[in-house]
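**Student:** Structure provided below as structure tokens; questions to follow.
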Amino acid sequence: MKYFTLDELTRSSTATRLGIDNTPTTEAAACLKLLVEHVLDPLRQAWGRPIAVTSGYRCPQLNKAVGGVPGSQHLLGQAADIVAGSPRDNARLYKLLQQLRLPVDQAIDEHGHQWLHVSYGPRNRRSYFSIDN
């Protein structure tokens, strides 16, 4: 893990505010490391500038508190929501992610590039799409 830490992938202001322990399981921590190794670090290396994680691992209580879907890959440590700055920069980052052909399971442009959801997991669907609702 060159550019990202386990702490930033598990940190949550909502968890802090609500007193939720968002410590990942051993399995989730291992999945977060794989996400970083295979997707986040190579993307950050190619981008050449910082990328912020706005949401990484979420324990079930935190996932519910933030309105996450019950089957979210965040629960497994397989997903992170990231930003590169502005929606314009996020759009460029999304395009770079596609060009690099990294082994993502899903890469989702969320709400006009407000943030990007990226995941890495055993399904390895390499699915790219947008959600605008």
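The values are calculated or read from the model by the stated rules, or taken from the named source; none is laboratory data. Note that the structure is predicted; figures quoted are calculated from it, not measured. Note that we place each Cβ from the backbone using ideal geometry, even for glycine, and neighbour counts take in every protein chain shown. Quick note on the areas: whole protein, heavy atoms, side chains included, nothing else; ligands and nucleic acids left out. Shrake-Rupley method; radii C 1.70, N 1.55, O 1.52, S 1.80 Å.
**Student:** Which condition from (1) at positive phi; (2) without any contact (Cβ under 8 Å) to a residue 40 or more places away in the chain; (3) not charged (D, E, K, R) is the one that N90 breaks?
**Tutor:** (1)
**Student:** Filter the range 85-123 down to the residues that are assigned to a strand (DSSP E or B) and more than 14 Å from G56 (Cβ to Cβ) and list them by number.
**Tutor:** If we filter the range 85-123 for residues that are assigned to a strand (DSSP E or B), which is where we start, we get 106-110, 115-119.
Scanning the range 85-123 gives Q106, A107, I108, D109, E110.
**Student:** Tell me, please, whether a residue that is open to solvent by less than 30 Å² (accessible area, probe 1.4 Å) and touching a residue at least 12 places away in the same chain (Cβ under 8 Å) can be found in the range 123-132.
**Tutor:** Keep residues of the range 123-132 that are open to solvent by less than 30 Å² (accessible area, probe 1.4 Å), which gives none.
So far as the range 123-132 goes, no, none of its residues is open to solvent by less than 30 Å² (accessible area, probe 1.4 Å) and touching a residue at least 12 places away in the same chain (Cβ under 8 Å).
**Student:** Being among the polar types (S, T, N, Q) and more than 30 Å from L18 (Cα to Cα) narrows it down to one of S127, S119, so name that one.
**Tutor:** Being among the polar types (S, T, N, Q) and more than 30 Å from L18 (Cα to Cα) holds for just one of S127, S119, which is S127.
**Student:** Something else: Please pick out the residue among V39, V53 that is under 9 Å from the mean Cα position of the chain (by Cα) and closer than 13 Å to Y3 by Cα.
**Tutor:** Unique residue meeting the criteria: V53.
**Student:** Still on this model: Which numbered condition trips up Q114, out of (1) touching a Pro at 6+ places or on another chain (Cβ under 8 Å); (2) in contact (Cβ under 8 Å) with a residue 40 or more places away in the chain?
**Tutor:** Just one mismatch for Q114, condition (2).
**Student:** Please go through the range 85-121 and give me each residue that is closer than 27 Å to E27 by Cα and of a type in the set (F, W, Y), ordered by number.
**Tutor:** Those that are closer than 27 Å to E27 by Cα and of a type in the set (F, W, Y): W115, Y120.
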